[in-house]
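Okay, structure first, notes after.
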Amino acid sequence: MPFLNLGVVAHVDAGKTSLTERLLHEGGVTDHIGSVDAGDTQTDSLDLERRRGITIKTAVASFPVGQVTVNLIDTPGHPDFIAEVERALRILDGAVLVVSAVEGVQAQTRILMRTLRRLGIPTLIFVNKIDRPGAREQSLLRELAARLTPNILPTATVLDAGTANATIRLLGAAPADADFIARLVDVSGDPVLLSDWARDERSVPYDRLRDVLTARTRAGLLHPVFFGSAVTGAGVGELMAALPTLLPTTPGRADGPLSGTVFKVDRDDHGRRVAYVRMFSGAVHVRDRVPAVVTAIEAIEGGGGVRRPALVAGQIGKVHGLREARIGDTLGAGTVGGQIFAPPTLESVVRPRDPAEGRRLHAALSELAGQDPLIDLRQDGAELSVSLYGEVQKEVIGATLAEAYGIEVVFAETRTIHVERPAGTGCAGRTLGKDGNPTLATLDLRVEPGTGVTFALQVPVEQVPIHVFKAVELFRESLTAYVNEALTFGLFGWRVTDVHVTATRTGFVSPATRAADFRKLVPIVLREALERAGTVVCEPISRFRLEVPESTLGAVLAALGKFGAVPESSTAALVEGLVPAARVRALEQAIPGLTHGEGVLETTFERYDPRPRTSAASQSPSEIASFEREA
């Protein structure tokens, strides 16, 4: 049986989870339709999700549509949990982007659509809430074309929009749907079809048009638009029927090389790690070593997992036994690729209310970081800090620590994450038995500007302590890990990045030298090398896009400088440019007053730029945070 791995994505409150519940009910998975307000949804299973009425963790359920099994992946809509969305996008065959018929295209909607198009993920658009007062059709279609993509094709028209009786009429091959056919021919990109249709509109059979619609949609070049209401069910059946036709599926075959990706990590009732895996090719069986031994497999079927002997291409399941599994790990020849969305640009120090809980807090946060690598736990002495996308995520982490681990915590004020980059090249070293070297090891390191964090081992094999590390490659891997750990805190207290580190000399004494000697020596030597190279503190910069009424453009341009924003282009109603990420929130708060409530601001992470040294603030985390509060 073929599989369709389908993601449902949306701006928060567009009705994404309500649509998911309706699809699961129509697919026979649930006996009743769960409600976000009632807190009884199938996919929002965490107590925290139900209390808050938002999706926090990606959830998976499956249902059949004809001969196709649809694995439905429900993702968070709140931007604070964009990391969960990123993991889901890596495993999708297709997506449904939910847009509210009332609110229309919102900031997160645009970010999601840009990402889906960039990744080439075939996407259908579902316009939800046609039964709500203020629901729009034609003006919303123009908005979709202008703000998302011009390559849209309405598949239905709405009757009685904005009322409880709102319903839809499908468009198709009937003579009354000549506009639909003309639009499909226009966006098909098929010159022969266009020529045939222009010669005689009636000469193009509907089967040919349907094939064009399917091919263009599966290629991610055309986005059919469906209308409906997840609450009343109007239009949902039509969307459901179109899923296996318009979106690509994966044959459920076990042949081919093993290829799978871990996109979620959870814990079972005994606290053991469980990996959620999407299979792309081949099969993984119980007792396979990948590299740990698989002890059990639960294929996602209906609303939960069912014990099976194997997972095959296209399936999603829970794989037990992978005790060290982390999000992004691959099985066999799987690949993950680079980061899709921007990294978090905020962080906060977290402390236990009871100081005696420090070790337990570190263990709990380490486990959460294992499930979510973008949490990026940093430790400076007894102080722990975590990376964040926003305040809601901070509240959720606090609630999770209290409810799942029994640890009450307090957070320091959120601050903007900065990074350090080497300003030049620096070398340092320690020789065994000399210069007060506290270890039984020799190590020389060179640091220089690079891309990301890279490490090279350039020493002859006789300088490698084989009696400890067994092989040159294992020595290189261990030094790489020690270097990455040491770069957590640079000269000013920020993580060091865009640096290339080279070990140019190592030494040991056998059998006394141990791995701990190198682990202790790396941060000492690396710190000295960084001091000689110098580092530059860099702040995150966001790209902004600001739509404003033409009458307010002058006031807006005059005010942007107060927020450190630099316009790069402007028209009568649109300003684009760069702004320090630390000033985005203040800019957001000022826009309504500057634009009479009509301005629309969108921001996305752009890059890190050197932070100017001023007398108002130094480069350390605490003093930068103080400067940002005053600004």
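We did not get these values from a lab; they are worked out from the coordinates using the rules stated. The shown structure was predicted, so the numbers you read here are calculated from the model rather than taken from an experiment. Note: ideal-geometry Cβ built from the backbone for every residue, glycine included; neighbour counts use all protein chains shown.
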*asked:* What does the extension gain come out to for Glu531 and His596, with contour length at 0.36 nm per residue minus their alpha carbon separation?
replied: 18.3 nm
*Run the dipole for the range 259-332 about the Cα centre, Lys and Arg Cβ at +1, Asp and Glu Cβ at -1, nothing else charged, and hand back the magnitude in debye, nearest 20.*
120
*Take the Cα atoms of the range 346-412, find their three principal axes, and give me the spread along each one in whole Å, biggest first.*
28, 26, 22
*asked:* Give me the one-decimal nm value for the distance between modelled label points at Ala219 and Leu159, 7 Å along each residue's Cα-to-Cβ direction.
replied: 3.5
_Could you tell me which residue out of His362, Thr20, Thr414 lies farthest along the dipole of the chain toward its positive end? Charges go on the beta carbon: Lys and Arg +1, Asp and Glu -1, centred on the Cα centre._
His362
_Dipole magnitude of the chain about its Cα centre (Cβ charges: Lys, Arg +1; Asp, Glu -1), debye to nearest 20_ = 1460
*Full extension from Thr488 to Glu448: what is 0.36 nm times the residue separation minus their Cα-Cα distance, to one decimal in nm?*
12.7 nm
*Under the definition of Cα pairs under 8 Å and six or more residues apart, what whole-number percent is the relative contact order of the range 420-533?*
45
_Sort Asp196, Asp179, Asp329 by Cβ crowding within 10 Å, fewest neighbours at the top._
Asp179, Asp196, Asp329
*Neighbourhood net charge (14 Å Cβ-Cβ; Lys/Arg +1, Asp/Glu -1) for Ala241*: 0
*asked:* Could you compute how fast the range 90-131 diffuses translationally, taking Rh as the Kirkwood radius over C-alpha pairs and applying Stokes-Einstein at 4 °C with viscosity 1.567 mPa s? Give it in µm² per second.
replied: 119
*Expressed in nm to one decimal, what extension gain is obtained for the pair Val293 and Ala572 from 0.36 nm per residue of sequence separation less their Cα-Cα distance?*
94.2 nm
*asked:* With viscosity set to 1.567 mPa s at 4 °C, what whole-number translational diffusion coefficient in µm²/s follows for the range 259-332 from Stokes-Einstein and a Kirkwood radius over Cα pairs?
replied: 110
*asked:* What distance in nm lies between label points placed 7 Å from Cα along the C-beta direction at Val509 and Leu194?
replied: 8.0
*Between the helical axis of 515-533 and the dominant principal axis of the chain, each derived from Cα atoms, what acute angle in degrees is found, rounded to the nearest 10?*
80
*Charge dipole (the chain, unit charges on Cβ, about Cα centre) - positive-most of Val447, Ser387, Gly237*: Val447
*Give me Tyr608, Tyr206 ranked fewest to most by other Cβ atoms within 10 Å of their Cβ, as a rough exposure proxy.*
Tyr206, Tyr608
_On alpha carbon coordinates alone, what is the Rg over Rh value for the range 315-449, Rh being the Kirkwood radius?_
1.06
*Equivalent-ellipsoid semi-axes (√(5λ), Cα gyration tensor) for the chain, whole Å, largest first?*
47, 32, 24
*In degrees, nearest 10, range 0 to 90: what is the angle between the Cα axis of helix 206-218 and the longest Cα principal axis of the chain?*
20
*Would you calculate the separation in nanometres between label points at Lys470 and Asp269, each defined as 7 Å from the Cα along the Cα-to-beta-carbon direction?*
3.7
*Long pairs among Lys264/Lys562; Lys434/Lys470; Lys16/Lys394, criterion Cα-Cα beyond 31 Å*: Lys264/Lys562
*Have a look at the range 422-554 and give its Rg and Dmax from the Cα atoms, expressed in angstrom.*
19.8, 79
